1. Test Ala138 against the stated conditions and say whether it is among the small types (Gly, Ala, Ser) and farther than 30 Å from Val230 by Cα.
2. What number of residues in region 210-229 are of a type in the set (Asp, Glu) and within 21 Å of Glu154 (Cβ to Cβ)?
3. Mind listing whichever residues of region 64-89 are small (Gly, Ala, Ser) and modelled with pLDDT under 85?
4. Can you pull out the residues in region 124-159 that are crowded, with 17+ Cβ neighbours inside 10 Å, among the aliphatic types (A, V, I, L, M) and modelled with pLDDT of 90 or more?
5. Considering only residues of region 29-71 that are in contact with a Leu (Cβ under 8 Å, 6 or more places away or on another chain), among the hydroxyl-bearing types (Ser, Thr, Tyr) and within 26 Å of Gly148 (Cβ to Cβ), which is surrounded by the fewest Cβ atoms within 10 Å (Cβ to Cβ)?
6. Go through region 162-191 and count every residue that is surrounded by 17 or more Cβ atoms within 10 Å (Cβ to Cβ) and not in a helix (DSSP H, G or I).
7. So which residues in region 19-46 are under 20 Å from Pro118 (Cα atoms) and either touching a Pro at 6+ places or on another chain (Cβ under 8 Å) or of a type in the set (Gly, Ala, Ser) (or both)?
8. Mind checking which residues of region 102-161 are small (Gly, Ala, Ser) and in a loop (DSSP other than H, G, I, E, B)?
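The values are calculated or read from the model by the stated rules, or taken from the named source; none is laboratory data. Keep in mind the model is a prediction, meaning the values are calculated, not measured. When we count neighbours, we look across all protein chains shown, and the Cβ atoms used for this are built from the backbone with ideal geometry, even at glycine.
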Amino acid sequence: MEAFLYGIGLQFKMDIRSRSLLVTCYLVPLLFFAVMGGIFTSIMPDSGDTLIQSMTVMGVSMGALIGVPPSLAEIYGTDVRKMYQANGAPLWCGLITLTVSAFIHLLIMSGIILAVAPVMFHAEVPAGLPFHFMKLSAFIIASLGIAGMLGMLEKNQAKLTMLCQVAFLPSILLSGIMFPSSLLPGFLEKLGKVFPAAWGYVLLSNKGAGIGEILPLGIIFGGAALVCAVLLRRMSGSYGTWR
């Protein structure tokens, strides 16, 4: 357990120095928040009621779907994974440590938005902050589940970048954070429900906080985790005994 916690701490420090995660987990989401927050509140004054939630959904989706998969591909698509085998560490350590580290970074980024938005744009602070962070955690975990699956499915960085964009852009455009999802054609509105962002926005904006919103995120995460487990078993079988 001590070694596992040390691995998480080490991964967290490495991610801080990673330009890729710095850009996708902090720089771009916060810059988007600073620019679009002003635009949204100027054009639609009522958007301040859900500004924190919409900017959080965008930031978490970008950090998870764009930032995490390439880092996972560097582990499982190169000789780095052989190092785990050589040192007797299970292959899932790379996935878990990177996921936990990314979770912390995305939580910090979301906290910055929560703290700054009321000051900059007079945004409404969500009621019940502990409950808000519980719902936020559920959304982040589901998003990181999809990110983990993407990063392990495709090892080629060029193809992976395209795959990440294919997952990220529809999840944002169809989530309801840019405009009400009810304005979309029926099939596009249903397609948006495939991605965590749509359920995360509903959950965080207090439009729903019951099993009907939590369960879909759990199903999405469970499906992604199952795919990751299958891929890890295949990798382990090609390099020795499953641990």
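1. Values: among the small types (Gly, Ala, Ser): yes; farther than 30 Å from Val230 by Cα: no.
Criteria not met by Ala138.
2. Going through region 210-229 one residue at a time, the tally reaches 0.
3. Here is the first cut: in region 64-89, the residues small (Gly, Ala, Ser) are 64, 67, 71, 73, 77, 86, 88-89.
Selection gives Ser71, Ala73, Gly77, Ala86, Gly88, Ala89.
4. Leu136, Ala138, Ile140, Ile141, Ala142, Leu144, Ile146, Ala147, Met149, Leu150
5. Ser71
6. Final tally of qualifying residues: 4.
7. Ala34, Gly37, Gly38, Ser42
8. Our first condition is that a residue be small (Gly, Ala, Ser); within region 102-161, this holds for 102, 110-111, 115, 117, 123, 127-128, 137-138, 142-143, 145, 147-148, 151, 158.
Selection gives Ala123, Ala127, Gly128.
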